[in-house]
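What follows is one structure encoded as structure tokens, with my remarks underneath.
The values are calculated or read from the model by the stated rules, or taken from the named source; none is laboratory data. Note that the structure is predicted; figures quoted are calculated from it, not measured. Using ideal geometry, Cβ is built from the backbone for each residue, glycine included, and neighbour counts are taken over all protein chains shown. Ligands, DNA and RNA are excluded from the accessible area calculation, which covers all protein heavy atoms including side chains. Shrake-Rupley method; radii C 1.70, N 1.55, O 1.52, S 1.80 Å.
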Amino acid sequence: MKKGYVIGIDYGSDSCRALVVDVQDGRTVASSVCYYPRWKAGMYCDASQNRYRQHPLDYIESLECAVKDALTECGKEVASHVKGIAFDTTGSTPVMVDRSGTPLALLPELSENPDAMFILWKDHTAAQEAAEINELAHSWPVDYTQYSGGSYSSEWFWAKALHVMRNDALVREQAFSIVEHCDWMPALLTGNTDPIKMKRSRCAAGHKAMWNAEWGGFPSQEFLSAIDPLFDGYRSHISNETDTADTLAGYLTEEWSTRLGLPRQVAVAVGVIDAHSGAIGAGIEPHSIVRIMGTSTCDIAVASYGEIDGRCIGGICGQVDGSVLPGMIGMEAGQSAFGDIYAWFRQLLMWPLYQVGKDALAEELSDSVIPILSAQAQELPLSAKDLVATDWFNGRRTPYPDLQLQASITGLTLGTTAPVIFKALVEATAFGSLAIIEDMSRNGITIDTVIAVGGISQKSPYVMQVLADVLGMPIKVSVSGQACAFGAAMLASVASGIFPSLEKARQTMNSNCAVKYFPSEARHAVYLQLYTRYKELGCFSESSQK
């Protein structure tokens with residue numbers, strides 16, 4: 001095999017990571033992370049309204065920063081042999097664009113308008129629009145939600161677009177089409193930004209926008225217009241073809257070749273959702289589930305056509321032919337809050353220090369709070385009568401999305417301590433994980449292996465052991481702390497023609513297991529009793545919040 005390198009670009013919620021990988025052995029030769037400056041400053045967001053927006057300039061500036069820094073680290077010789085680049089992004093993170101495919105926030109008159117910006121995956125402002133889509137879909141001759149777990153989410157493409165168009169006349173007047181973040185990045189770098197012609201990701205379209213070959217692609221114009229006449233004409237303003245993430249989107253334009261310091265002939269792959277890329281990077285196989293564990297979780301599984309056998313899997317975030325691994329059905333689930341719950345509790349404990357002006361002390365102590373809580377929580381005895389909480393601090397993504405749900409804790413007394421509450425919160429996130437696997441099992445999908453990636457899997461042995469004990473399954477933690485970017489690098493190696501297939505790329509550029517967590521049978525038995533109480537509390541909370 002000839003010398004060659006590829007770059008995987010991972011756009012997370014907070015930053016852009018560039019990973020330079022040697023295709024001969026999968027070795028990482030350089031990496032760099034650049035944070036979004038406007039996002040870091042808290043601009044354009046309103047947590048009280050569940051509004052989270054990101055400016056396209058954050059994506060552009062962080063991309064240039066990360067790639068240039070990584071190339072500086074590995075040297076000009078490596079840069080001259082880069083063959084391909086691929087992007088993974090959060091999703092669904094769409095933006096309204098004009099006829100040329102320019103995000104509206106890049107127009108001078110809309111540069112400070114949050115509705116003209118990318119709508120981050122965790123933005124829940126479109127709850128009403130999602131409810132209307134579900135109501136219509138379930139009465140329409142074709143239920144366009146049937147391959148989306150039977151329910152459309154306010155975190156997804158059509159609901160978000162409709163919300164900003166209803167909310168903002170200036171955006172409505174300028175908008176021509178809708179583009180996912182993972183589609184815009186390859187389009188920008190290859191110069192193919194025309195919304196009607198640009199390459200669209202099979203992963204994003206299938207899981208977030210109700211695309212399915214069975215009904216000819218995206219939902220019909222009649223259906224979209226019935227949701228709201230504001231969608232009139234939009235069906236023809238979106239390329240109806242989709243491509244798997246190992247497909248070539250084009251080559252770097254001269255402008256982007258110069259801006260990034262890369263050869264002009266660098267191939268650019270079709271974009272992909274970050275969790276799907278992370279599953280590839282972690283070594284996903286049939287009967288395994290990859291858990292990307294961070295502020296939230298995304299759970300990815302794949303199955304053969306024979307195992308699915310034409311069935312619709314209820315409660316998940318989609319089943320799509322060709323997503324994740326080409327030639328298989330990719331399935332997505334997840335929790336809307338995971339690490340965010342631990343961070344919330346930490347901030348709750350630190351609140352008095354901030355109130356009395358001890359901000360510096362609070363910042364100094366902040367990093368030690370979770371480790372101390374973890375150390376004390378794991379020493380606590382385990383009983384079926386322990387405190388129980390639900391994990392719906394940011395609503396429920398799966399099984400069966402309801403992003404308006406709120407979390408609950410039961411069993412509090414005057415003797416309840418901070419470690420006791422933290423233990424219950426960690427167990428709640430594990431119970432939410434078990435609910436997802438149980439839902440897949442009820443639908444005939446066998447899961448016998450758990451692969452974990454992401455910051456929490458690398459940094460929190462306590463959380464990982466609780467998860468193994470609750471699930472009753474061993475958990476393998478991926479050796480790569482950058483699985484999403486690594487998966488993107490694999491996809492770049494196929495799109496650039498270095499490998500003939502993703503399977504061949506995975507055989508050479510493999511990612512091994514760093515550590516395994518094995519469940520305790522005794523603790524698992526107790527956790528099953530607590531899990532029953534978790535489900536009872538969930539049913540009560542859900543009914544009382546209607």
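Given the criteria modelled with pLDDT of 95 or more, of a type in the set (A, V, I, L, M, F, W, C), crowded, with 21+ Cβ neighbours inside 10 Å and not in a loop (DSSP other than H, G, I, E, B), does Val33 qualify? No, not satisfied. How about the range 499-524: which of its residues are open to solvent by 50 Å² or more (accessible area, probe 1.4 Å), among the hydrophobic types (A, V, I, L, M, F, W, C) and modelled with pLDDT of 95 or more? The answer is Phe518, Ala522.
Within the range 205-233, residues that are within 20 Å of Glu173 (Cβ to Cβ) sit with their Cβ atoms under 9 Å from residues that are polar (S, T, N, Q) and surrounded by fewer than 24 Cβ atoms within 10 Å (Cβ to Cβ), at 6+ positions apart or across chains, in these pairs: Phe231/Gln221; Phe231/Ser225; Asp232/Gln221; Asp232/Ser225; Gly233/Gln221; Gly233/Ser225. Of the residues making up the range 89-125, just one is in a helix (DSSP H, G or I), open to solvent by less than 10 Å² (accessible area, probe 1.4 Å) and over 14 Å from Phe176 (Cα atoms), namely Leu110. If the condition is being in a loop (DSSP other than H, G, I, E, B) and open to solvent by 40 Å² or more (accessible area, probe 1.4 Å), then the range 139-175 contributes Ser139, Trp140, Pro141, Val142, Asp143, Gln146.
Scanning the range 533-546 for residues that are surrounded by 13 or more Cβ atoms within 10 Å (Cβ to Cβ) and closer than 17 Å to Ser383 by Cβ yields Arg533, Tyr534, Leu537.
Among the residues of the range 176-201, which ones are part of a loop (DSSP other than H, G, I, E, B) and among the hydrophobic types (A, V, I, L, M, F, W, C)? Correct list: Phe176, Ile196, Met198.
Residue count for the range 36-73, restricted to those that are in a helix (DSSP H, G or I), at pLDDT 95 or above and either open to solvent by less than 60 Å² (accessible area, probe 1.4 Å) or not basic (Lys, Arg) (or both): 20. Would you point out which residue out of Gly481, Gly487 is within 23 Å of the chain's Cα centre (by Cα) and free of Cβ contacts under 8 Å to residues at least 40 places away in the same chain? So the residue among Gly481, Gly487 that is within 23 Å of the chain's Cα centre (by Cα) and free of Cβ contacts under 8 Å to residues at least 40 places away in the same chain is Gly481. Of everything in the range 206-238 that is open to solvent by less than 10 Å² (accessible area, probe 1.4 Å), in a helix (DSSP H, G or I) and of a type in the set (A, V, I, L, M, F, W, C), the residue that is farthest from His181 (Cα to Cα) is Phe223. Just checking, how many residues over the range 18-30 are in a strand (DSSP E or B) and open to solvent by 60 Å² or more (accessible area, probe 1.4 Å)? So the answer is 2.
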